[in-house]
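Single-structure report; data block below.
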Amino acid sequence: MLSRLSLNRILLRLNFSKIHWMDSESSSSGDGPRPQFGNRHLRNPDDVFQHNAWDDVQWDEEQQEHAKKMVEQNSEVRMCVDEAQRIEAEAGHLWDKFYGIHQNRFFKDRQWLFTEFPELLPKEGNQERINVLEVGCGVGNSVIPLVRTVADPNFFVYACDFSETAVKLLQQEDSYDESRCKGFVCDVTAEEWPTPFPPLSLDHVLLVFMLSAVHPDNMGHVARQLFNYLKPGGMVFFRDYGRYDLAQLRFKKGKCITDNFYMRGDGTRAYFFTKEDLRRIFCEAGFQEEQMLEDRRLQVNRGQKLKMYRVWIQAKFRKPM
């Protein structure tokens, strides 16, 4: 058990009782397009509030151990099986409710996609059709920047989401054009996917803060399905929560469904990955690892002088030729 002094110390350090859940694109974080992660380092602690985020923040042994113990504590009391099964069965309805409330106001457009994943950009003089799929597209915070940025008429974006409400909101966007993109509803945990494209037809797949919402037992199935739809040489671009991210530490007892998988207050769910998790999921599905980065970031609220320690995983996997 953590002592009261130790618990208070880590709570003070993380300030997590004063913030709401957010991912790296929530409307309350950041100050515009960010540089490629790994390029902004805090050299002088006195400069901490000069920017909204700092990269490659190293945790000392004490901070790492405190985070581990906090996860052990918030996982002591697990959600009952019946409740976990209900949440699984109602996942689509709960995401519909989420987007019904927030509409297109919750997440910021992901302008950083081409910075972190430059492979998405068609090569100059490209004459072949390039098919991109975003799984878990939401209201289009990746799709719309892709369509607006890439003028190549051979570049086509498919976008699916579990939420029918989210897909409808995407289709109402001014930049949504079915000659350039197509949104559709898909439960990626289902055995068969109702896709508007055949197997072996995708060049790239985006998984951005999406796989964490899937029960861990179903993640391998999602990876195998993506492997089947990608062309040889096709790539998966991944970014999601890392183990001991602030969002994981702030969960209360009784919200843990299974190891490192939790239910939020609105009924949506989140898993917190390690590099080993991702290697197991994707390499067992047949992919080759091209990149695996842990983004340990210190986000700050300059107005309130708050520090928030975030952990994200970014990876690239390729289907062998």
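Just so it is clear, none of the values below were taken in a lab; they were calculated from the coordinates. Not measured: the values here are computed from a predicted model. Because the Cβ atoms are built from the backbone with ideal geometry, glycine has one as well, and the counts that use them run over all protein chains shown.
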**Loop sites in region 157-200: GluC sites (Glu not before Pro), DSSP, at most 15 other Cβ within 10 Å** = Glu178, Glu191, Glu192
**Message:** Using amide H atoms built in the peptide plane, which far-off residues or other-chain residues are under 5 Å from Lys182 H to H?
**Reply:** Val157, Tyr158, Ala159
**Complete:** 1/(1 + (r/R0)^6) with r = Cβ-Cβ of Asn44 and Lys252, R0 = 30 Å, i.e. FRET efficiency to nearest 0.05, evaluates to 0.25
**Request:** Output the direction-averaged projected area (hull surface divided by four) of the convex hull of the alpha-carbon atoms of region 190-321, in nm².
**Result:** 9.5 nm²
**Asked** What are the ³J(HN,Hα) values, in whole Hz, obtained from phi via the Karplus relation 6.51 cos²θ - 1.76 cosθ + 1.60 with θ = phi - 60°, for each residue of region 148-158 in sequence order, with x given for Gly and Pro?
**Response** 5, 7, 9, 8, 4, x, 8, 9, 10, 10, 9
**Message:** If I histogram all Cα-Cα distances within region 79-318 using bins 10 Å wide from 0, what percent of pairs lands in each bin?
**Reply:** 7, 31, 38, 20, 4, 0
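Take every DSSP beta bridge whose two residues both sit in region 79-318, then give the antiparallel share in percent to the nearest 5.
Looking only at bridges with both residues in region 79-318, the antiparallel portion is about 55 percent.
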**Request:** Count the lysine pairs in region 230-321 whose Cα atoms sit under 26 Å apart, keeping only pairs 8 or more residues apart in sequence or on different chains.
**Result:** 13
**Complete:** Working note, region 49-186: Cα radius of gyration (Å, one decimal) and Dmax (Å, whole number) are 19.9, 57
